[in-house]
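In what follows, a single structure is set out as structure tokens and then discussed.
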Amino acid sequence: MIILCVDLHIHTTASDGSDTPGEVVEKAVRLGLRAIALADHDSLAGVRAAQQAAADFNLEVLSGVEVNTYFEGQEIHVLGYLIDPQNDEFISKLAEFRGERLTRARKMVKKLKQLGINIDFDRVKELSEGGSVGRPHIARAMLEKGYVASLQEAFNNYLGAGKPAFIPREKLSPAEAIQLIIRAGGVPVLAHPGLVKLDPYLPDLMEAGLKGLEVWHCKHNPLMVEHYYRLTQKLGLIATGGSDYHGAVHDTCNVLGAAVAPYRTVQLLKAAAGKN
């Protein structure tokens, strides 16, 4: 029996990934994936290009987005699937978020300078290649100038939550992101729950409209996978999964298909969105 696999958490050059949407599609086809979803930060810009690139192959490309929120000292990521790309409110909000990202990145660069790390903000923007600017671009600028030995070191020592140069996005809560995704016709899913401590708040997030948990993720160990899969069964949530692929230039999450879900997940997401 052939099991059709899907990777529903992929980043491209539309945000902080190093592969274009077309390159991601080419790799997914080579791997034999049945479906993928782009989950660029605060951007749907890569979806159409990926869908066009996949048109001649047996590969389904779902629209997706990853929204960063902040709650009780933690950065929480919420995935949104099957969003209406024509939803004016959502498109406007994403543009607003990208503007906030620029402001946030400027502040981080300023904080780094106060720590003796002098990188040029214009170079950070160049590294984003016109996509949504994020911390990985700052980390790459730091790596270029030799301030860190790896991108992960930049996050571990400077850019991660609670580190000296970190600036939180405090204006948006997980519940607000969930509601925004629902209003845009999408299905909200909590990204990599094993990396945050939100289990006690899941009932509250479900009340806000949460529909799924990302069970299979490249940073979830087998115990986490088992725990969150059981939680989805207990709570009636959709179990999703993906590699969180950012491209080969990244230190982590750099193997497409490193974490996958069964194709049944796509069917459940479509049912939840009323798009069967």
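The values are calculated or read from the model by the stated rules, or taken from the named source; none is laboratory data. If you're wondering where the values come from, they're calculated on a predicted model, not measured in any experiment. FYI the Cβ positions are ideal-geometry reconstructions off the backbone, even for glycines, and counts take in every protein chain you see. When the accessible area is computed, the model is the full protein with side chains, heavy atoms only, and any ligands, DNA or RNA have been set aside. Shrake-Rupley method; radii C 1.70, N 1.55, O 1.52, S 1.80 Å.
What to note about this one:
- Dipole moment magnitude, nearest 20 debye, region 33-137 about Cα centre, only Lys, Arg, Asp, Glu C-beta charged: 620
- Spatial separation of Cα centroids for region 146-220 and region 30-57, in angstrom: 22
- Chain lengthening between Lys145 and Asn157 when straightened (0.36 nm per residue, less Cα-Cα): 2.7 nm
- Computed magnitude of the charge dipole of region 157-276 (debye, nearest 20; Cβ of K, R +1, Cβ of D, E -1): 260
- Dipole of region 1-135 [Lys/Arg +1, Asp/Glu -1 at C-beta], most positive-end residue of Thr103, Ala54, Val24: Thr103
- Virtual spin-label span in nm between Val249 and Leu231, 7 Å along Cα→Cβ: 3.4
- In order along region 100-109, phi translates into HN-Hα couplings of 5, 4, 4, 4, 5, 5, 4, 5, 5, 4 Hz, rounded to whole numbers, per the Karplus curve 6.51 cos²θ - 1.76 cosθ + 1.60 with θ = phi - 60° and x for Gly and Pro.
- Accessible area of region 6-140 divided out per residue, in Å², using a probe of 1.4 angstrom: 40
- Leu38 long-range amide H proximity, modeled H, under 5 Å: Leu62, Gly64
- Ranked by the mean number of other Cβ atoms within 10 Å of their residues, highest first, the peptides 187-195, 231-239 fall in the order 187-195, 231-239.
- Entries in Lys219/Lys270; Lys93/Lys197; Lys197/Lys270; Lys27/Lys110; Lys145/Lys197 that, when Cα-Cα distance is taken, lie over 32 Å: Lys27/Lys110; Lys145/Lys197
- In region 141-198, a dipole from Cβ-located charges (positive for Lys and Arg, negative for Asp and Glu) runs towards its positive end, and of Pro164, Gly194, Ala175 it is Ala175 whose Cα lies farthest in that direction.
- Within a Gaussian network of the chain (alpha carbon springs, distance under 10 Å), most fluctuating of Thr12, Thr69, Thr103: Thr103
- Packing order of peptides 208-216, 174-182, highest average first: 208-216, 174-182 (average count of other Cβ atoms within 10 Å over each peptide's residues).
- Relative contact order computed over the chain (Cα-Cα under 8 Å; 6+ residues apart), in percent: 23
- Dipole size of region 14-69 about its Cα centre, with +1 on Lys/Arg Cβ and -1 on Asp/Glu Cβ: approximately 220 debye, rounded to the nearest 20.
- Probe 1.4 Å - accessible area at Cys253, Å² to nearest ten: 20
- Taking the 1.4 Å solvent-accessible surface of region 192-254 as the whole, the part contributed by carbon and sulfur is 55%.
- Neighbour net charge for Gly185 - beta-carbon separation under 9 angstrom, K R +1, D E -1: +1
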